[in-house]
Amino acid sequence: MARPQQWSEDDVLEFVTLKAGGQSYCIEITQIREIRRWSPVTALPQAESAVLGVMNLRGAVIPIVDLAARLGLGKCDASPRHVIMVVAVGDKTVGLLVDSVSEILTVSGEQICEAPAMGHGDLPNSILGLISIEEGMSRILSPSVLLPSALREVA
Amino acid sequence: MSRDDLKATFFAECEDLLEQLSEGSQNMIAGSADDDTVNAIFRAVHSIKGAAGAFGLENLVTFAHCFETVLDRVRSGELVPDTDALHTILRSSDMLADLVELAQADSTEIPEAMPAILDKLNELSGTAAEDAGDAAADMDFFGFQPLVLDPLGEEGDEHTAPAQAGETCFRIRLTASSDLFRNGHDPVLLFSELAMLGHLETRCDLSALPEADAFDPERCYLNWDLTLRGQVTEDAVRDVFMFLEDLCQIEAVDDPGADGAEPVPDLSPPSVAEETAPPQVQFRAAAPRETPPAPIELALGAETRAPVSAETRAPVAAEPVNPAKGAAKAASPVPQTTLRVDPERVDRLINTVGELIINQAVIAQKLQETGLASNSDIMSDLDDYQYLARELQEGVMAIRAQPVKPLFQRMQRIVREAADKLGKEVVLVAEGEGTEIDKTLVERLAEPLTHMIRNAVDHGIESAEKRIAAGKPVMGTIRLSAAHRSGDVLIEIADDGAGLNRKRILEIAVSKGLVPADAKLSEPEIDNLLFMAGFSTAEKVTNLSGRGVGMDVVKTAITMLGGKVTISSRPGEGTLFSISLPLTLAVMDGMVIHAAGQTLVAPLSSVLETIRPRPQDIVPYGREGRLLSIRGTYVPIVHLGNLLGFTCGDEISSENILILIRSERSGHVALAVDEISDQRQVVVKSLEGNYGVIEGISAATILGDGRIALIIDTDAILTLAGDLGRDVALIEEMQHGKTAAMV
């Protein structure tokens, strides 16, 4: 299978795998700032349904996005067992609500397969590539889908 | 220090110099100038020219040179400036400021007014043609690559370069006077300039160096012997030293083959004395007489850098530094010492202090939850903590505070330029220049204020004929004032022009489809049409205002700063724009409220009063609307939770607490909320950085429990209410006059 353009064959990459909506996804480790336990957020008016609200990250106000809802996998019923991954996308910081964080994957560029050209719900190009893992495969998330839609146009 | 850093320092210093210049030239016009003023202006122009030369800013140098020539004549008494000349000087200082701005924007564009002013300056300097030539030569002189140390370094490689036919050899003895650094000269620059003319050898004479404890870092103890070989004329060499005429000796040597390394004949008296004096101190004895080239460069770099950078600001305080002169001029005010700090550092500090305030609130809340008595020791310590944190915060905020003076001076310039262009006579009277506001506000106010001032000159002040016909003085007056008013800053721009032509405004608004043709609007409503997007009253587009950017841009800019702009006008008497701004953008007083299970903060500045209504005070209005009957007038009630979409269709009842808020746009409105819990200072956190703009919400803050509360934007709340806005207008009309009385 063809390899996505952004990685060359001999790149060594690290991804953090996570579960959202029962499926396995992964994000490049360089984008992840920290991982926190879920705590209640402050709701925002007129926000899209995937944006749960904002929370206080040591003085900064960051939006929290329900990743499952964002990807069209249904709303996640947040509980203290859920995890927030704080991710940097460009100069923005955003928190992602996910079911759990699993492991760090170290793969070489050649192990990444191209994702089929079929989007997730209303989000084309949301998956950059696929990595085979023990229990099936993990989908590499495109950073742009992580942002609330209010920011996506500018990002 | 990189070149960019140096350039940034140059522009920062230019700001100070231009401020002096502008103040001085205004004093000259006002007739309150003495010799010191002229000297100060001259020094400012000279300093700008010198530094601009070092950066190769040719336009600036050319202009400053002509300006300086005129000022020099005034200074020496050769030229007694008449009103016209004073006007030229004033316009020149404006032009210089414009050129600095252009240079800062990396533009080499020549302002259209420049040639005319240059002509006038040349006229004043009396030597029009000759001077123009000088200026050109001067430009060449400054055209060299600044701060190049390399020519000195490379020079070693060419050390043995054989002399060629037609070359001249110059020997220059540079005896540095103690004022060398004080006047802002840097020998390194001179040397690199010389090195561009020909082959240069430098020899540094360290013999004048005193003992370490007698060392005055502001003095230059170094003397240099320079040998320059090449196809150079004496004039070219003298040009390099034109500002140092008294400080060096230049001698042409006929024998081109003369060995540069040969000791230079000692010509300078101090040096002769040095030769005869026995070595006195170890330090000096240790320094070899014939130092090899490389260490000299090092010494140059090390010795000259620090004092020069310390002294570039000297023109500001040149007099008092010199003790003798300082004593003589005891009467002149001692210049304030200031500190240049990177604003980012201050911002970091402000952020940290903001966190401290939040942290203090968290601790207070947690202690309260433990049920401690409020008179216990720890609670009173906590009060102290709170007090100190506030003090600290106020202190830090004060660092950012800046007087509006530079901003107002810039407006003086705008008025003069605009008036000149339109052929009107307008004077700007500035009041309250010492009022201090946040630096960010000063910076971000510049553009809207410029626009408003231009508008006032262009549209506000009538033409001279019309003014005479109306029995007004020909000279129009624009009053620009700043004052603190109950936690806000109030900036007013008042002109004594014709006032707003309401009929015309309404016509335009109707013709542009901004309001329906049959709209019945009150006078303030008509005035406010000016702020609508796509509105421009200019009957013909002038190149001053009416560039498609209307007052709506001004309004948006002010609103973004958390401020409000209002307009009032009297036909025939003039128009007044009032801008009220928060003192700072980082902290505000807020009322903590609860609505629909959410905690929100309402800016205290827009809260007029809070009301617990009796059932009979709430009057139904239409199907779902509710009005609050208060002191004989009716105010619409908005359910905050419903409006923000947290709840849907919740009824407004007398259970709710009503917060009466003031909106600049559409009068008053009462917000129905569930509870008011606190009134406190909150630290404003932007939502735009990581999220985006939310209608109805201006920012967020962090509460005592670490959770985020949203700050409501009272103006936007009313826009959000949509249909309700029309109702408000209707009620206003119904109750016209009464509502205003209620404030």
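Hey, can you rank B:379-389, B:48-58, B:23-33 by average C-beta count inside 10 Å, highest first?
Averaged packing, sorted descending, gives the order B:48-58, B:23-33, B:379-389.
Taking a label point 7 Å from the Cα of B:Ser654 along the Cα→Cβ vector, which residues of the range B:622-638 have an amide N closer than 13 Å to it?
Zone members listed by number: B:629.
Taking 56 Å as R0, compute the FRET efficiency from the Cβ-Cβ separation of B:Val341 and B:Ala464 and round it to 0.05.
Calculated transfer efficiency: 0.75.
Using the structure shown, list the pairs from B:Lys7/B:Lys49; B:Lys424/B:Lys472; A:Lys92/B:Lys685; B:Lys424/B:Lys466; B:Lys405/B:Lys564; B:Lys424/B:Lys512 with a Cα-Cα distance above 18 Å, or answer none. If you can, show how the numbers build up before the last one.
On the way: B:Lys7/B:Lys49 14 Å; B:Lys424/B:Lys472 14 Å; A:Lys92/B:Lys685 15 Å; B:Lys424/B:Lys466 11 Å; B:Lys405/B:Lys564 21 Å; B:Lys424/B:Lys512 30 Å.
Distance filter (> 18 Å) returns B:Lys405/B:Lys564; B:Lys424/B:Lys512.
Quick check: residue separation of B:Glu391 and B:Ala113 times 0.36 nm, minus the Cα distance between them. What number comes out in nm?
Contour length minus the Cα-Cα distance gives 95.1 nm.
Calculate the mean, over all residues of peptide A:52-58, of how many other protein chain Cβ atoms lie within 10 angstrom of the residue's Cβ. Before the final figure, lay out the partial values.
Values: counts 0, 4, 10, 4, 10, 2, 3.
Mean shielding count: 5.
Counting each pair of different Cα atoms once, what's the Kirkwood radius of the range B:3-143 in Å, rounded to one decimal?
Every distinct Cα pair counted, the radius reaches 14.9 Å.
If you find the alpha carbon centre of the range A:7-60 and of the range B:604-630, how far apart are they in angstrom?
So the separation of the two Cα centres works out to 44 Å.
Over all directions, average the projected area of the Cα convex hull of the range B:334-462 and note it in nm².
12.6 nm²
Would you work out if the range B:343-401 is rounded, prolate or oblate? Take a ≥ b ≥ c from the square roots of the eigenvalues of the alpha-carbon gyration tensor; rounded if a/c is under 1.5, else prolate when a/b is larger than b/c, oblate otherwise. Please report the intermediate quantities before stating the final value.
Numbers: a/c = 5.20, a/b = 2.44, b/c = 2.13.
Prolate, because a/c is 1.5 or more and a/b exceeds b/c.
With the Cα gyration tensor of the range B:565-677 giving a ≥ b ≥ c as the square roots of its eigenvalues, does the rule (a/c under 1.5 for rounded; else a/b larger than b/c for prolate; else oblate) give rounded, prolate or oblate?
oblate
Would you mind giving the mean number of other chain beta-carbons within 10 Å of the Cβ of each residue in A:61-67, as a whole number? The partial results should precede the final answer.
Details: counts 13, 5, 4, 0, 0, 0, 0.
For peptide A:61-67, the averaged partner shielding equals 3.
Measure off 7 Å from each Cα along the Cα-to-Cβ vector at B:Gln616 and B:Leu604, then give the distance between these two points in nanometres to one decimal.
3.5 nm
Residues with amide H under 5 Å of A:Asp99's amide H, sequence separation 5 or more or different chain, H placed in the peptide plane at 1.01 Å from N; which?
A:Lys19, A:Ala20, A:Gly21
Could you tell me the distance between the Cα centroids of the range B:461-476 and the range B:427-445, to the nearest Å?
28 Å
Suppose R0 equals 35 Å. What FRET efficiency, 1/(1 + (r/R0)^6) with r the Cβ-Cβ distance, do B:Met196 and B:Ala105 give to the nearest 0.05?
The pair B:Met196/B:Ala105 has a calculated efficiency of 0.75.
Looking only at the range A:6-23, which residues have a backbone nitrogen under 18 Å from a spot 7 Å from the Cα of A:Ser144 in the C-beta direction?
A:6-7
So if R0 is 51 Å, what FRET efficiency would B:Thr647 and B:Ser578 give, r being the distance between their Cβ atoms, rounded to the nearest 0.05?
0.85
Once the piece of chain linking B:Asp84 and B:Thr556 is laid out straight, how much longer is it, given 0.36 nm per residue of separation minus the C-alpha distance between them?
165.9 nm
How far is the Cα center of the range B:486-507 from the Cα center of the range B:31-68, in Å?
After rounding, the separation between the Cα centres reads 38 Å.
Return the average number of partner chain Cβ atoms within 10 angstrom of each residue Cβ along peptide B:699-712.
4
With a/c under 1.5 counting as rounded, go ahead and sort the range B:404-582 into rounded, prolate or oblate using the C-alpha gyration tensor (a ≥ b ≥ c being the square roots of the eigenvalues; past the cut-off, prolate if a/b is larger than b/c, else oblate).
Cα axes put the range B:404-582 in the oblate bin.
Quick check: pseudo-label points 7 Å beyond the Cα along Cα→Cβ at B:Phe215 and B:Asp377, how many nm apart are they?
About 5.5 nm separates the two model spin labels.
Within the range A:1-75, report the GluC sites (Glu not before Pro) that DSSP leaves as loop and that have at most 10 other Cβ atoms within 10 Å.
A:Glu9
Read the figures in this text as sums done on the coordinates, not as results from a lab. The model shown is predicted, which means the values in this text are computed figures rather than measured ones. In this analysis, Cβ positions are derived from the backbone assuming ideal geometry, glycine residues included, and neighbour counts consider all displayed protein chains.
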